[in-house]
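Since the structure comes first, as structure tokens, the remarks are kept for the end.
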Amino acid sequence: MTGAVGKRPRPKGRLVVDPNNAYARLGVSPLSTTEEIKAFILNKRSKAQASNRSRGDDDFGAAEAEMTRLQEIEEEIGTPRARAKYDARHPQNELLTVQPARADRRFELRARADLAGAWLIEELGANDLFPSAESIALWAPDIDADLDQILKRFEILERDARNILERTKTLDQKDR
Amino acid sequence: MAALNLRTIDWPAALAELRRQATGPEGRRRFARAASLAARFARGFDEGASSIAEAARIEPLDPLHRVRFALHCLRFGLHERALEALDTLGPAKDQAAARTVRALATLQSGEDRRAANIARDVHVADPTSIGAAFLEADANLRPHLKDAETRTQSLPRDPAWATAWTHLLVKRIVARPRDSAKVTKQHLEVRPVLTKGSTHEELVRRAAGWSVAARGELASSVKTVRAGSRAEELVLALLAEQLRDDTSRMSSADSTDNGLRELDALYRANKDRPAVRRIYVATLTRAAIEHAAAERWNAALRAIEVAARLEPHEPVHLQNRAAVLTAMADDAQHDAWADLDRLHYRLALAGCLDAETARRIAKPHRMFAEQARLTPTNAASGTGSSWGVFSVKEETEDGATTRTLEVNQKRLDDDPEELRQFIHHRRAELLFRHIALGRDPQRLLLAPADARTQRARVRALAISSESLATLVPEEGRVLADGLARGFRALPAGRTQYRRVTTVDDAATSSLKLQYAETIADLAVIAWTWGADARRADIVDELIDTVDATVPFLEESALTALLSPDRAGELTNVRFLNALIRQTLGVKDGALVLTDALRGRLAARLGAELLVTLATRRLDASPSLPRPEIERALGIVDRARQRDPDYARVEYIAARILTIGEFYDEARTRVERFFRISGGKDSPYQQGIEEIQRILDEKKKANVAGNTRGPGSTTAGSSGSGGSRRDDEDALAGGSRADRLEAEIERFPASVQLYEELARALCKDGRFDVARSWATRAMGRCLTRKAQLRARVLELEVIGLELLARKHFDAVEVYLAGSHGAALVAVDATIAEIDQGQPAPYAPPPHYALHYLRGMCLLARRERDGAEKAFRTALEACPQQRSRAALKPLAENVEQALLDQSRAAVESALAAGKLRDAMREVTSAITEARAPEACLLDLARVQLAEAVDAVARATSAGGAAPVDPAAPIKLDGTRAPWRERLTRALSEATAVKRAHAVAKLAEELHETSRNEAGVLLRRIDAFSAELGFADAIAEATRLERRGELMAALSVLDGAGERAKTDPRALRLRIMLLLRLDRFEEADQSLEIVKASGHASARSLVDKYPDLRFKFAHGAATRMLRSNDVDAAHAILVALRPTTPEAEIEHGYSLAFCLARQARLRLDAGQRDEAITRMSAALEILESKLAAPGGGGAARSRFEELRDRLDTDLSHMQNSRP
């Protein structure tokens, strides 16, 4: 008998990446955002169109072939939905790429705006309206008067203040 | 009145109160609105999501709750789920609030431009949506700064929007630090949007200051901000950005190293600040990414190792390490990926198993599963489409190429671990994807339709979790148990079974599709994979996987995978669809899968895998010993337990039982087969009829066959077994015809039974009934041979009916088997018809009489006359079905003669009349026009003689004489090979003669080739058996004579069989024990134990005693021959098995130690000698002190103790 029964399977084959995968064909990292991929495709397509306009007879069809190739790639990874499907079928592209931790991404340029937003919420609070899912004003632009009344009864600070006041009164009475 | 501060509400208490008040419609609405708002202040995603879900249940039509759910998802970075929630809003999705949230989700997904467009549209449609205008400016910051600036010109500048302005300006500054001076001047001084001296203005200025600060200033600023604050992170992010810019400007490895050194120093100075460590590790990882991109693998690995040391809890470092090792094609990659799984599981055990973590853990498992399923093609690493569990099959028809998957049998034969990788990683992936769905039992279990389905799904998840223990033994075991407990504890009462009408979200839908695809893969594997006979464990794992996945199969997923827009995808789902419809009997129309139907599918797949394993085990064992057959039957019994209604299980069982000569049980299985198939045509029809034919022959020859032990299960036969007994009881009192009719009910494809019944009815004069049975035989016995026999039977009945009208006595003679004797009556009847006599012969189907005449002539070996009679019958016969039976007889009577002769030979062999059989075959071979057709029968007779000789030798206790075969005189024209036959028949033994003649038949007679091949294999197996039996006999003889080494070498030379056969192993163990080769004996015993042979059980039971006896004897011998140390080694390792043995062992060990002591003393090692002598005395004392105190040997013990005591005193007293 070969192999070990009940142990972690260890086949002879190794993990491999298809060198002809959509990211490699396009020349982008599998960690790029879909927005970046779309921009990259758009850029390449513009170049192909420009070369199509200035082409000589010798390279007839080259630009068309390039456009077709880009179209194929776009269908595979050009939209979030298509990309999610492609990545689900080819998870090795992402996993076999050395990548930053999720927490590292907040130091990246794109996420820095979110970091700045989080800092401002820390400093200013989230009650006002501003373009973020954290904005409480976005969650509750207006609250019914009766609900407002009920919720007020459960404000912690007020209740605490009330408790302190009542306790002080009791102590005063005892002193007297 | 002061404005309500929602952050300071005691939400649980408030919700409890509102829930209490939610008695009327208004109260419910109020509660729902508060519940969904409470999600904003919930402690985690799940808590918030369930709060909103409760609100949505109460007020399903209020879009506010779904909008809030989308916002809730965005707070946790789940923009896809947010967009899905917004998509389900219907017409309400066009409301400004919903569109604004959609713009936010789109911005989070990275599609800035699209987000800006949506926000712009909202603002254009509703100019009061100022928030949307700010959002448009925000979204344009990166792709279109100019558009953002234009938008800011028209934004309101009153203090009410100060916070929104602060966010916009600070984001602009951190996005483009070099514009910070311009921004502050423009918006804080020239056209101020924030009040001077306000907190808002101060924050913008602070951000601007950081964004233009030098590296040193930023490093110093770290000390000035609160540890753990966002401000700290922002400062560090700006510092890291500067380092990155410097590195990219200098673009050398040195600059990277310098940056890392600076951060290392900063980290050492601020070890109490986790954010500093974070930024250092992030920069290390970034360096690793750059090294990896340039394929500087070792440098990348170094950076990753440092990061992993600093953050051992962060899985991405282990993942990066595994990725680099994989790229380096280093074998350490296997352990690296296992380490990643282990860390994931540890984190899960520590409680870190939220939806996002579960999704992350599932990813590597998915990668391994997909790689094993269909390995990507990579010419550089030598992998290709032939490396996975499946390979792609391309077929071109009419110019169109179709690509399908097929099981990669060659790959799996070479490396079955590939299949295990697929199984376990897929199960682990599915499990974590379930966990990622959240804690709501309804969602976690993919909305089971009823309690039964829920139980099946809980069980399925518990099975899947077992894969974790396989993948990571220790942590996986604990996690698997914990998860299984959690699944089992899912509250059935709290799970609401309701019809799901909403559309699945992407995660649920994708999981359902994955299940359908996996089950389709398993179906193809179950149906087409030739299981490795040695890896029953993989079949078990596959069956577990079937049980873990099938409960989650849903028709919607199946339909989605079958839709035309997925036509090009490489899945096995079409096969699964066809299989389900066939298994569940759903021919057309929509599928509706219930738990019971899923159960049937799982049962069928498991049974198929098991019967394939059973047949592969038989195929892998050339000699087919009985224990192997019984083991194969055990596997088939398991298949029947899973799926009692599967005809193939019964077919395979009948086949194996027939091979193992368990004829009675085989008949039960054949009967069960027909009950299950209900008389319908099946792919196994031909095979089962062949088995039926063999069983009929054995029955006719009164061969009893074997019976299985009481331990063997006949599960699934309970129904048939009971009814069979009932049938037999009923049969006991009936006539022969009644009994045969009942038999036919049980074995409807047995043509022999129809023949017997029709002839019995003819004998009773019931010709019309006999004819109807002949007609039924034609409808039920569908193999070619059976069809011919049924049609001939009909002819015979018609002929006998005609004959009976005037010559009933001739009918009786004919039916008694004396065909030749009936010829006169048949001729007379034909003559009467030919003379034109009127009724009772009109209309005259007298072709049947000519057929009878032909048969009579055949019996008299008048071949020309018989052929002529059959031709006449053929010419006169108007019935096409009868003509088909007559035609071969009319064209060549040889085959009929041959069949007749063969029947006679088989009958003689069954009766043990070997001489009669030989006489019959000799006359057939000398008379036949093509005598090579009789060679096969001749070979059979020779084999029967060989078997008979062995039987006689066994009963006589020695070799029995075998008569040499008489030469057969053949005409050289008809048999140019006669010399070869003469040589074959002159071989010394019957086995050799049988082999040579069968070889001749295989070579010379095309029609006999297949049967000759089978016979040759049987002869070879018999020959091997004989050789093996001889070897055992010789080894036993040598052992008795004490020639132990010679006996062992005979066993060694007996081939592979001797290494597994219990008889041989038993003998080998005894020989090894007698030769003092105890370790080898132990190894052989392990093989015997593992074989599970019943015959070996007594040896296994007795072995400890035997082992002790022989080893003790060897030690005693060694002591006698002064080999004291070797004796000591044996005695120390010995474990006594009885109290008597304990005493003997103690005595011998003490004696041995004493001898050693004396020898040490002689060698001048006094201390060592004293130690050993003391040890010897200690043993003796302990035995004497024990209850019973040495028993009968007490005096011997005391005597030895006294002697040793004296010796010890001498040793101690003579110490210098």
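Out of every Cα pair in segment B:96-222, what percent are spaced more than 17 Å from each other? For segment B:96-222, the share of Cα pairs beyond 17 Å comes to 58 percent. According to the calculation over all Cα-Cα pairs in segment B:1067-1171, the P(r) per 10 Å bin from zero is 15, 39, 27, 13, 5, 1 %. The mean number of Cβ atoms from other chains found within 10 Å of a Cβ in peptide B:308-316 is 2, as a whole number.
Which trypsin sites (Lys or Arg not before Pro) from segment B:1084-1184 combine a DSSP loop assignment with at most 11 other Cβ atoms within 10 Å? The partial results should precede the final answer.
Details: sites: B:K1089, B:R1097, B:K1102, B:R1107, B:K1109, B:R1117, B:R1120, B:R1155, B:R1158, B:R1160, B:R1166, B:R1172, B:K1183; in loops: none.
Taking segment B:1084-1184 and a limit of 11 other Cβ atoms within 10 Å, no loop trypsin sites (Lys or Arg not before Pro) are found.
Here the 3J(HN,Hα) profile of segment B:26-42, calculated from phi with Karplus coefficients 6.51, -1.76 and 1.60 at θ = phi - 60°, is 5, x, 5, 4, 5, 4, 4, 5, 5, 5, 6, 6, 4, 4, 4, 10, 6 Hz, Gly and Pro shown as x. Quick note on chain B: its Rg to Rh ratio, both from C-alpha atoms and Rh being the Kirkwood radius, is 1.11. For the pair segment B:641-691 and segment B:1131-1160, the centres of their Cα atoms are 61 angstrom apart. Among the listed pairs B:K223/B:K363; A:K7/B:K393; B:K699/B:K763; A:K152/B:K196, those with a Cα-Cα distance over 30 Å are B:K223/B:K363; A:K7/B:K393; A:K152/B:K196.
What do you get for Rg/Rh of segment B:1042-1105 when both radii come from the Cα atoms and Rh is the Kirkwood radius? Before the final figure, lay out each step's value.
Working: Rg = 11.0 Å, Rh = 11.7 Å.
Here the Rg-to-Rh quotient is 0.94.
Given segment B:790-838, report the % of alpha carbon pairs whose separation exceeds 12 Å.
Working: 731 of 1176 pairs.
Here the long-distance tail beyond 12 Å is 62 percent of all Cα pairs in segment B:790-838.
Taking other residues whose beta carbon is less than 12 angstrom from the beta carbon of B:V324, and scoring Lys, Arg as +1 and Asp, Glu as -1, yields 0. With R₀ fixed at 41 Å, the C-beta to C-beta distance from B:R176 to B:V392 puts the FRET efficiency at about 0.25. Once every Cα of segment B:885-1028 carries one equal point scatterer and solvent is ignored, give the base-10 log of I(q)/I(0) from the Debye formula at q = 0.14 Å⁻¹, two decimals. At q = 0.14 Å⁻¹ the computed log10 ratios are -0.65.
Near B:A1054, no amide H atom lies under 5 Å from its own; only residues 5 or more places off or on other chains count, and H is placed 1.01 Å from N. Around the amide H of B:I9, modelled in the peptide plane, lie the amide H atoms of A:I156, all under 5 Å away and 5 or more residues distant in sequence or on another chain. Pairs exceeding a 29 Å alpha-carbon distance, out of B:K969/B:K992; B:K887/B:K992; B:K182/B:K271; B:K93/B:K512; B:K698/B:K785; B:K700/B:K969: B:K887/B:K992; B:K182/B:K271; B:K700/B:K969.
Shown for B:V824, B:V392, A:V17: other C-beta atoms within 10 Å of each C-beta, ranked fewest to most, produce the order B:V824, B:V392, A:V17. Sorting the segments B:423-431, B:395-403, A:123-131, B:754-762 by their residues' average number of neighbouring beta-carbon atoms within 10 angstrom, most packed first, yields B:423-431, B:754-762, A:123-131, B:395-403. Sparsely packed loop sites in segment B:1-65 (the trypsin sites (Lys or Arg not before Pro) outside DSSP H, G, I, E and B with at most 13 other Cβ atoms within 10 Å) comprise B:R43. Shielding by partners for peptide A:138-150, expressed as the average number of C-beta atoms from other protein chains within 10 Å of each residue's C-beta, is 5. Here the scattering of segment B:535-682 is modelled by Debye summation over its C-alpha atoms, one equal scatterer each and no solvent; at q = 0.18 Å⁻¹ the log10 of I(q)/I(0) is -1.08.
Across all Cα pairs in segment B:1-144, the calculated P(r) in 10 Å bins from zero up to the longest distance comes to 12, 36, 33, 16, 3, 0 percent per bin. In terms of its Cα atoms, segment B:780-887 spans 38, 28, 27 Å along the principal axes, sorted from long to short. In this structure, the amide hydrogen of B:L405, modeled 1.01 Å from its nitrogen in the peptide plane, lies closer than 5 angstrom to those of B:K393, counting only residues at least 5 positions away or on a different chain. Loop-located trypsin sites (Lys or Arg not before Pro) in segment B:258-288 (DSSP state not H, G, I, E or B) with no more than 12 neighbouring Cβ atoms inside 10 Å: B:K271. Each residue of segment B:462-471 is assigned a 3J(HN,Hα), and the resulting list reads 5, 5, 4, 5, 4, 5, 4, 5, 6, 6 Hz, derived from the Karplus form 6.51 cos²θ - 1.76 cosθ + 1.60 (θ = phi - 60°), x at Gly and Pro.
Summing charges over neighbours of B:A292, with a neighbour being any other residue whose Cβ is under 12 Å away from its Cβ, gives +2 when K and R count +1 and D and E count -1. Summing charges over neighbours of B:G438, with a neighbour being any other residue whose Cβ is under 13 Å away from its Cβ, gives -1 when K and R count +1 and D and E count -1.
Look at where the Cα atoms of segment B:180-202 and of segment B:888-909 average out, and the two centres are 114 Å apart.
Based on the mean of other Cβ atoms within 10 Å per residue, sort peptides A:89-96, B:1030-1037 so the most packed one is first. Before the final figure, lay out each step's value.
Details: A:89-96: 20.5, B:1030-1037: 17.0.
My ranking of the peptides, most packed first, is A:89-96, B:1030-1037.
Taking every eigenvalue of the Cα gyration tensor of the protein assembly as shown, multiplying by 5 and rooting it, what semi-axes result, largest first, whole Å? Don't skip to the end; give the middle numbers.
Details: eigenvalues 1306, 515, 203 Å².
After scaling each eigenvalue by five and taking roots: 81, 51, 32 Å.
How long are the three semi-axes of the equivalent ellipsoid for segment B:568-631, computed from the Cα gyration tensor as the root of 5 times each eigenvalue, in whole Å, largest first? Write out the running numbers ahead of the final one.
Details: eigenvalues 226, 45, 15 Å².
Semi-axes from the Cα gyration tensor: 34, 15, 9 Å.
Per-residue Karplus couplings for segment B:1154-1163, computed as 6.51 cos²θ - 1.76 cosθ + 1.60 with θ equal to phi - 60°, are listed in order as 4, 5, 4, 4, 5, 5, 5, 4, 4, 8 Hz, Gly and Pro entered as x.
Mean residue ellipticity, 222 nm, helices only, chain B: the sum of -39500 (n - 2.57) across DSSP H runs of n ≥ 4, divided by residue count and rounded to 500, is -23000 deg cm²/dmol. Put simply, when B:113-125, B:155-167, B:178-190 are sorted by average Cβ atoms within 10 angstrom per residue, most first, you get B:113-125, B:155-167, B:178-190.
Evaluated on segment B:1124-1216, the Kirkwood hydrodynamic radius is 13.5 Å, with distances taken between all distinct Cα atoms. Counting only other chain Cβ atoms within 10 Å of each residue's Cβ, the peptide B:167-174 averages 5. Ordered by the count of other Cβ atoms within 10 Å of each Cβ, fewest first, B:H313, B:H365 give B:H313, B:H365.
Values in this text are rule-based calculations from the coordinates and carry no lab data. Because the structure is a prediction, the values reported are computed rather than measured. Note that each Cβ is placed from the backbone with ideal geometry, even for glycine, and that neighbours are counted across all protein chains shown.
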